[in-house]
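Data first, discussion second: the structure below is written as structure tokens.
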Amino acid sequence: MATQRKSGAQSASTSRRQARPATPAAPAAPERIGILDELGVDGGDPQPIALLGVECDVRRRFTGDEAATFLHYLIGDKFEEALTLLTTDGPALWAKIRELDPAHAAVAMNRITKIAGIYDAEGEPFAPRRLPSFSSPAAGAQPSHESSATTD
């Protein structure tokens, strides 16, 4: 009999606990927005290209982090690394591009960047407008009249 009362007492206290209103749950924190994700690009499948005998693909999908890394490479004049990020054969492309006149090298880099689809806020490709010369400044220069004079 004592067992029954105990059991009945437990039922009554359980009923009382359930009768209390539930504590409202804390509001869920808003989902954080990944700001760097805004730089991401989803331009589709890779685009095959050819340049001076180098055949490779230009990627057209990038995470925000990859797009930011690409810009970092350009600012630091790390063009081979930038091309390695954008294409399937960056080192071979850079070996050819670096041999071009700086204005032509910039055209090639800008075109590859445009194909990749990484743009700045103004809709311009994240690419250098003109690249520095990477060959010797005197390479291919013709001797001047003054340089043939002796200094006896």
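The values are calculated or read from the model by the stated rules, or taken from the named source; none is laboratory data. Keep in mind it's a predicted model, so treat the numbers as computed, not measured. Neighbour counts run over all protein chains shown; Cβ positions are idealised from the backbone, glycine included. Just the protein is used for accessible areas: all its heavy atoms, side chains included, with ligands, DNA and RNA removed. Shrake-Rupley method; radii C 1.70, N 1.55, O 1.52, S 1.80 Å.
The table for this structure:
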{"read-out": "Identity of the residue in region 60-95, out of contact with any strand residue (DSSP E or B) (no Cβ under 7 Å at 6 or more places or on another chain), in a loop (DSSP other than H, G, I, E, B) and not acidic (Asp, Glu), that ends up farthest from residue 115 (Cα to Cα)", "value": "76"}
{"read-out": "All positions within region 75-107 that are aliphatic (A, V, I, L, M) and open to solvent by less than 20 Å² (accessible area, probe 1.4 Å)", "value": "82, 83, 86, 93, 97, 105, 106"}
